[in-house]
Every structure is written in C-alpha cells, then in structure tokens.
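Asks: The structure under discussion is supplied below as structure tokens; questions concerning it will follow.
The values are calculated or read from the model by the stated rules, or taken from the named source; none is laboratory data. Source: prediction; values computed, not measured. Here Cβ is always computed from backbone atoms with ideal geometry, including for glycine, and neighbour counts include all displayed protein chains. Please note that ligands, DNA and RNA were not included when accessible areas were found on the heavy atoms of the full protein model with its side chains. Shrake-Rupley method; radii C 1.70, N 1.55, O 1.52, S 1.80 Å.
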Amino acid sequence: MIVIQTTIDRRAMTALARVSRKTLRRGRSMPVRTLAWFVVVLEAFLTVSYLRGGFGSWLPNTLMGLFMLGCLLLEDRVNGAVSLRQIEADSRVVNAVFQEDSCYVHRTQAGESWWAYSQIKLAAETGDYFVLLTDRARGQVYDKRGFTWGDAGQLRALLQSKTGLKIQQMR
C-alpha cells in the first residue's frame, strides 16, 4: 500500500497540462504550435522589413508576434490555471491510496473515487510529480513530496506492474 497526499495547485495543474500536451494530445497540438511559431517568425520578419523600409505600420506586427510568442510560452500555465478553476475548493487536497489489488482510491473532502489501474492510458513522471492520464482530457497528478506511506520507487514499480505501461520521464 502506498499513500500520497497532494495539494492541487497551479504548479501541479501546469505539470498535468504539460504532460498531457507532450503525450496524448501531441498529434492535435503539434500542427497548431507549428503554425503559431510560423506566425511569430513571419511577424518578426515583417516588423524588421517595415522598420528598415521606414514604414510606420510595424507596431501591429510586433504586437501580434509578441502575443503569439506569449501564447506559445505560457500555454501550459494558462491551461493549468483554467483547469484549476474547474476544481472545487474542497477537492484540492487529495489523499491517494495505491493498493495491491486492481484499483486505487482518490479521496478528497468532497468525496471518494475508485479508479481501476486498467483505466490509466499513460503514466508519466516529472521532477516533482507523478501524472496519470486516463484520456486526452482527464488525469490525476500526485506530488512526490507527499508520500506518507511508501516512496517514489515503490509507486513506480506498482504502476508498471499493474498497468503494464512504462512510466515516461518528462522534464
């Protein structure tokens, strides 16, 4: 049995959003990100061209390029913040109990959820969190500093044995 207590905050939700974007949502977000980087480069080129040519309409291109760059660099933080707003206040402290049988329990003040290990589509590990994704839009995040029973190595081994998935390392 492994027990983890996690406080769901902006950092945790950003980690969840980042793992989701880099794994299960990769095929969907890659074309959009490629187009956004193209727009950033195009707007930078137009800004430089307008400044060299002496035209006065360089400001909209600069602002559009900066806006797109901000969207690219802050995408995971924004998605994490939006997701955090959807979580009720009494569901932000989670006690998870990973059992040796076929399920794990996710407890909050709002209630209790039982999840089968077979529902996990992807397991990932970042520097501070374990992330379990059940589909492209849903997942759970657990803080490595929150172990009250067991440790990260035991959880890693349990998840690999119960799901049959290799835990992906993310930075």
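Asks: How many residues are more than 18 Å from Lys144 (Cβ to Cβ), open to solvent by less than 60 Å² (accessible area, probe 1.4 Å) and touching a Lys or Arg at 6+ places or on another chain (Cβ under 8 Å) when one looks only at segment 92-112?
Replies: Residues in segment 92-112 being more than 18 Å from Lys144 (Cβ to Cβ), open to solvent by less than 60 Å² (accessible area, probe 1.4 Å) and touching a Lys or Arg at 6+ places or on another chain (Cβ under 8 Å): 1 in total.
Asks: Find all pairs meeting these conditions: Cβ atoms under 9 angstrom apart; at least six residues apart or on different chains; first residue within segment 106-127 and at positive phi and in contact (Cβ under 8 Å) with a residue 40 or more places away in the chain; second residue in a strand (DSSP E or B) and among the β-branched types (Val, Ile, Thr).
Replies: none
Asks: Of the residues that make up segment 143-165, is at least one under 15 Å from the mean Cα position of the chain (by Cα), at pLDDT 90 or above and in a strand (DSSP E or B)?
Replies: yes
Asks: Only one of these conditions is not met by Leu63: (1) hydrophobic (A, V, I, L, M, F, W, C); (2) buried (at least 16 other Cβ atoms within 10 Å of the Cβ); (3) touching a helix residue (DSSP H, G or I) at 6+ places or on another chain (Cβ under 9 Å). Which number is it?
Replies: (2)
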